[in-house]
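Notes to accompany the following structure.
The values are calculated or read from the model by the stated rules, or taken from the named source; none is laboratory data. Only a predicted model underlies this, so the values are computations on that prediction, with no experimental measurement involved. Reconstructed Cβ throughout: ideal geometry from the backbone, glycine too, with neighbour counts over all protein chains shown.
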Amino acid sequence: MREPPLDPRAARAEDATRDVPEDPCPLRTAFQRDRDRIIHTKAFRRLKHKTQVFISPEGDHYRTRLTHTLEVSAIGRTVARAMGLNEDLVEAITMGHDLGHAPFGHAGEHALDDMLREGHGRRFHHNEQSVRVVEVLERDGRGLNLTQQVRDGIRHHTGSDMPATMEGQIVRLVDRIAYVNHDIDDAIRAGIITDADLPAPEIAVLGATTSERITTLVTDIVTATGDGTVIVQSDEVGEAFRALRAYMFAEVYLGSPASDESARARYVVASLFQKYLDDPSLLPPDGDPDPVTRATDFVSGMTDRYALRAYRDLFIPHEGPL
């Protein structure tokens, strides 16, 4: 399928490469096919029961990892369209960027990373695990054979290295824009902060509402980047956004009831991981021959509720007579 006219800076599906070559689809570009493969995976469906910030919230309107993914996609596509870049590539990257996230959000990720680093000299990063999901774990170990451009964007949506495409750079930035602004909304809904608590200088620059802030940030990306080949923010808006993000870390992510629950969540994840290492017979029979990798794959793939159920089954005595 031929792509619509794109800016010369855009990544083009006709240049996309796969580890295993495939005949082109008559109706979809290579990046559209990648998006479709991702959203039909079991890992993508599990995102609806994985925490964004608040662990197992009682309300129906709190974000999950799935709604966050959709919000990142919407913001990213807006930026890409305004700049004439490849929306299909942005969408495919966003749909896959959090597939490898552990249960209980960053609390679960930190627990696995601590266990692997301290006991096995390894690390756990959800972006790397997301790539492992699409390359190895899905389709019963065959992987999805995604394009190199999509896998690069997934791998580098966080971390020290920048994505190779401008579309990947968009996802890297709008991922943060989405979670900071939508986590503010959830934190206000939870009663942890109020609108009046938000830092006044940054709000004056970015806007008083979620919609105003996202509009400011998106418009700034398009304007500040201009005809450049690197996605950037202006100094004023970028500094205000980084300060607002720092505020969220101090007051919500690390200094609230959300952080109190995180300690419990980390204990659950660490306990499960160690239990499966001690008794690999509890793990699914298929998977990596290395028990540490197999336990990592299994625990990181759990939803919040599955992890809690597994913990109860393994560690809490059942009621009634033996």
Some residue of the stretch 262-277 being within 14 Å of Pro103 (Cβ to Cβ), under 23 Å from the mean Cα position of the chain (by Cα) and outside any helix (DSSP H, G or I): no
The stretch 289-322, subset part of a loop (DSSP other than H, G, I, E, B) and in contact with a Gly (Cβ under 9 Å, 6 or more places away or on another chain), residue nearest to Gly141 (Cα to Cα): Gly301
Filter pass, Ala107 being small (Gly, Ala, Ser), more than 23 Å from Arg33 (Cα to Cα) and either within 16 Å of the chain's Cα centre (by Cα) or not in a helix (DSSP H, G or I) (or both): yes
Qualifying position, being touching a residue at least 40 places away in the same chain (Cβ under 8 Å) and buried (at least 16 other Cβ atoms within 10 Å of the Cβ), among Thr165, Thr158: Thr165
Pairs where the first residue, in the stretch 302-317, is in contact (Cβ under 8 Å) with a residue 12 or more places away in the chain and aromatic (Phe, Trp, Tyr) and the second is surrounded by 19 or more Cβ atoms within 10 Å (Cβ to Cβ) and part of a loop (DSSP other than H, G, I, E, B), C-beta under 8 Å, 6+ apart: Tyr306/Pro103
Some residue of the stretch 227-235 being more than 16 Å from Gly76 (Cα to Cα) and in contact (Cβ under 8 Å) with a residue 12 or more places away in the chain: yes
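Let's see how each residue does on (1) without any contact (Cβ under 8 Å) to a residue 12 or more places away in the chain; (2) among the small types (Gly, Ala, Ser):
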{"residue": "Ala190", "(1), (2)": "no, yes"}
{"residue": "Ala196", "(1), (2)": "yes, yes"}
{"residue": "Thr209", "(1), (2)": "yes, no"}
{"residue": "Leu217", "(1), (2)": "no, no"}
{"residue": "Thr225", "(1), (2)": "no, no"}
Some residue of the stretch 236-256 being farther than 30 Å from Gln169 by Cβ, out of contact with any strand residue (DSSP E or B) (no Cβ under 7 Å at 6 or more places or on another chain), surrounded by 14 or more Cβ atoms within 10 Å (Cβ to Cβ) and not β-branched (Val, Ile, Thr): yes
Qualifying residue in the stretch 193-215 (condition: surrounded by fewer than 20 Cβ atoms within 10 Å (Cβ to Cβ), modelled with pLDDT of 95 or more, under 16 Å from Ile75 (Cα atoms) and of a type in the set (Lys, Arg)): no
Qualifying position, being over 30 Å from Ile221 (Cβ atoms) and modelled with pLDDT of 95 or more, among Arg264, Arg305, Arg242, Arg312: Arg312
Given (1) within 17 Å of Gln52 (Cβ to Cβ); (2) among the acidic types (Asp, Glu); (3) not in a helix (DSSP H, G or I), index of the condition Asp227 fails: (1)
Exclusive hit being buried (at least 18 other Cβ atoms within 10 Å of the Cβ), in contact with a strand residue (DSSP E or B) (Cβ under 7 Å, 6 or more places away or on another chain) and either at negative phi or free of Cβ contacts under 8 Å to residues at least 60 places away in the same chain (or both), set Thr69, Thr147: Thr147
